[in-house]
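Chemist: What follows is a single structure, and I will ask about it in a moment.
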Amino acid sequence: VALLLGFVLPRWAAERSAREAAERRQSAMQELNRLWAELLVVREWTRQPFRQTAAIREARSRAMQGIERFTRGHPQVAAGWYVQSRGLLQEGRLDPAREAASHALRIDPSFDPARAVMGQVRLEAWYRALRVDNSRASVDVLRRQAREVLAGLQDATPERFGLARTDDDAVARTVWSALVKAVVAGDPVAAALALEAAHRASPSEEYCRW
């Protein structure tokens, strides 16, 4: 009996530990999806003229605080840092967005949605530099950095990593695909046509920005 218990108990304990870890991860992802949904609701408010700016700002702040609490409580969940990077990018905070996306990639180098955010951040910085910086060298560096990041993009589908599918993700995937065409493949015409077709099918201001 002692030999049998010595064989069975460690196996049972390992299976129980693995099951509990899976349950904790599932619970964490459910919480993260709820927080992401809250942030997307606030984003939708920005498209509604009757919403007051102060209310939008307050709701966005609450949503981002919730996501930041999540990343502090679950620092090894790459999806949390990705969601935070998307929220920061929506606010136009490029450096914090890049840092959050980079953190996600350090945890999981295969987390391509974060890689796509990195590329988008680089391109946003490039466009800003074009408007304010006369130094072609610094502008070209930003564009080259964006190309290098986007060239490694394989599959930027967040659902692969436990995040629920959203309309916002569909728009983001279309934008990222167009950016790869324009910056990596060097075919801005094909990129523009893809964005125009997507906008006709389902209008979004994100398509117009790029």
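The values are calculated or read from the model by the stated rules, or taken from the named source; none is laboratory data. Note that the structure is a prediction, hence the values are computed from the model and not measured. All Cβ positions, even for glycine, are placed from backbone atoms using ideal geometry, and neighbour counts span all protein chains on display. All accessible areas refer to the heavy atoms of the entire protein, side chains included, with ligands and DNA or RNA removed. Shrake-Rupley method; radii C 1.70, N 1.55, O 1.52, S 1.80 Å.
Chemist: Can you name the condition, by its number, that Ala156 falls short on among (1) loosely packed, with under 15 Cβ neighbours inside 10 Å; (2) not in a helix (DSSP H, G or I)?
Modeler: Tallying (1) loosely packed, with under 15 Cβ neighbours inside 10 Å; (2) not in a helix (DSSP H, G or I), Ala156 fails exactly one: (1).
Chemist: Let me ask another. If you check Glu44 against the conditions, is it among the acidic types (Asp, Glu), in a helix (DSSP H, G or I), farther than 30 Å from Glu205 by Cβ and modelled with pLDDT under 90?
Modeler: No, not satisfied.
Chemist: Can you name the residue in the stretch 183-193 that is surrounded by fewer than 19 Cβ atoms within 10 Å (Cβ to Cβ) and not charged (D, E, K, R) and, of all such residues, is farthest from the chain's Cα centre (by Cα)? Outline the logic, then answer.
Modeler: Residues of the stretch 183-193 surrounded by fewer than 19 Cβ atoms within 10 Å (Cβ to Cβ): 184-190, 192-193.
Among the residues that remain, those that are also not charged (D, E, K, R) are: 184-186, 188-190, 192-193.
On the way: Val184: 20, Ala185: 22, Gly186: 24, Pro188: 23, Val189: 26, Ala190: 24, Ala192: 22, Leu193: 24 Å.
Here the answer is Val189.
Chemist: Could you tell me which numbered condition Glu31 fails, if it satisfies all but one of (1) closer than 27 Å to Tyr127 by Cα; (2) at pLDDT 95 or above; (3) among the acidic types (Asp, Glu)?
Modeler: (1)
Chemist: Restricting the search to the stretch 47-75, which residues are in contact with a helix residue (DSSP H, G or I) (Cβ under 6 Å, 6 or more places away or on another chain) and not in a helix (DSSP H, G or I)?
Modeler: To start, the set of residues in the stretch 47-75 that are in contact with a helix residue (DSSP H, G or I) (Cβ under 6 Å, 6 or more places away or on another chain) comprises 51, 56, 59-60, 63-64, 66-67, 70-71, 74.
If the condition is that a residue be in contact with a helix residue (DSSP H, G or I) (Cβ under 6 Å, 6 or more places away or on another chain) and not in a helix (DSSP H, G or I), then Arg51, His74 are the ones that fit.
Chemist: Would you please name the residue that is nearest to Val42 (Cα to Cα), looking only at residues in the stretch 63-110 that are among the β-branched types (Val, Ile, Thr) and open to solvent by 10 Å² or more (accessible area, probe 1.4 Å)?
Modeler: Here is the first cut: in the stretch 63-110, the residues among the β-branched types (Val, Ile, Thr) are 67, 71, 77, 83, 107.
Keeping just the survivors that are open to solvent by 10 Å² or more (accessible area, probe 1.4 Å) gives 77, 107.
Working: Val77: 23, Ile107: 28 Å.
Here the answer is Val77.
Chemist: Kindly evaluate Ala172 against the criterion of being under 19 Å from the mean Cα position of the chain (by Cα) and at pLDDT 85 or above.
Modeler: Working: under 19 Å from the mean Cα position of the chain (by Cα): yes; at pLDDT 85 or above: no.
So Ala172 does not fit the description; no.
Chemist: Next up: Just to check your reading of the model, which residue among Val149, Val180 is closer than 20 Å to Tyr207 by Cβ, among the aliphatic types (A, V, I, L, M) and either at pLDDT 85 or above or surrounded by 15 or more Cβ atoms within 10 Å (Cβ to Cβ) (or both)? Break it down stepwise before answering.
Modeler: Working: Val149 fails: closer than 20 Å to Tyr207 by Cβ.
None of the other options fit; the residue is Val180.
Chemist: Give me the pairs, please: first residue somewhere in the stretch 23-36 and in contact (Cβ under 8 Å) with a residue 12 or more places away in the chain, second residue anywhere and of a type outside the set (D, E, K, R) and surrounded by fewer than 13 Cβ atoms within 10 Å (Cβ to Cβ), beta-carbon distance under 7 Å, and either six or more positions apart or on two chains.
Modeler: none
Chemist: State which residue pairs qualify: first residue closer than 16 Å to Ser85 by Cβ and inside the stretch 45-72, second residue among the acidic types (Asp, Glu) and in a helix (DSSP H, G or I) in any location, beta carbons under 8 Å apart, and separation of 6 or more residues or different chains.
Modeler: Ala63/Glu38; Gly66/Glu38; Phe70/Glu31
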